[in-house]
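Reading through the structure tokens given below for one structure.
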Amino acid sequence: MSDEQEAIMKRDQVYHDLLRTEEDFVTDLSSILDNYVRAFDDPGIPEAIRQHKNELALNLRELYNFHANVMLKGLQYYSDDPGKVGHTFIRLERDFDHHVDFYREYPRILKLIEGNQEIKDYFQVCVLLT
């Protein structure tokens, strides 16, 4: 096997690992939306959750929509030519700002959860039920 063939094989393996990881991430985000965020609209939800539901949901719907409908599709588009998958990242560069928004707000939301026993208890029960 030539060095070039070996490099192509390694690149293809990295592409497939990236694709699998992205598929897993989309599945995980979907699970979070199904098991937590959608439950925020339930009439029996604690009042503290209802009052803070938009904050607690962060921008998870936007992240899910980006990864499921844009990023994953972009990666799949290059399945026949993994060497061009970098174009997906370049084309979607600004869309990764969704992650910046998430991580900017995340510490504040953790403090909200830790500082409100009703919210904290709710999430502990959710974890036990999933």
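The values are calculated or read from the model by the stated rules, or taken from the named source; none is laboratory data. If you're wondering where the values come from, they're calculated on a predicted model, not measured in any experiment. Every residue, glycine among them, receives a Cβ derived from its backbone with ideal geometry; neighbour counts consider all protein chains shown.
Listing for the model above:
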read-out	value
Residue in segment 56-70 that is without any contact (Cβ under 8 Å) to a residue 24 or more places away in the chain and within 23 Å of Q124 (Cα to Cα) present	yes
Test: residue in segment 26-34 that is touching a residue at least 12 places away in the same chain (Cβ under 8 Å), over 26 Å from Y106 (Cα atoms) and touching a Phe, Trp or Tyr at 6+ places or on another chain (Cβ under 6 Å)	no
Residue check, K120 charged (D, E, K, R), surrounded by fewer than 11 Cβ atoms within 10 Å (Cβ to Cβ) and farther than 30 Å from A7 by Cβ	no
Which numbered condition R50 misses (of (1) basic (K, R); (2) within 25 Å of D95 (Cβ to Cβ); (3) at pLDDT below 95)	(2)
Qualifying residue in segment 94-116 (condition: of a type in the set (S, T, N, Q), out of contact with any strand residue (DSSP E or B) (no Cβ under 6 Å at 6 or more places or on another chain) and over 22 Å from D41 (Cβ atoms))	no
All helices (runs of 4 or more DSSP H) inside segment 1-92 with 1 or more residues being surrounded by 15 or more Cβ atoms within 10 Å (Cβ to Cβ) and small (G, A, S)	47-56, 72-77
Per-region count, segment 52-81, residues among the aromatic types (F, W, Y), within 17 Å of the chain's Cα centre (by Cα) and more than 17 Å from L33 (Cβ to Cβ)	0
Some residue of segment 84-96 being under 21 Å from I32 (Cα atoms) and of a type outside the set (K, R)	yes
Qualifying residue in segment 97-112 (condition: charged (D, E, K, R), closer than 30 Å to R11 by Cβ, assigned to a helix (DSSP H, G or I) and without any contact (Cβ under 8 Å) to a residue 60 or more places away in the chain)	yes
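Yes or no, residue by residue, for (1) within 20 Å of the chain's Cα centre (by Cα); (2) over 25 Å from V125 (Cβ atoms):
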position: M1; (1), (2): no, yes
position: L19; (1), (2): yes, yes
position: R50; (1), (2): no, no
position: R91; (1), (2): yes, yes
position: D97; (1), (2): yes, yes
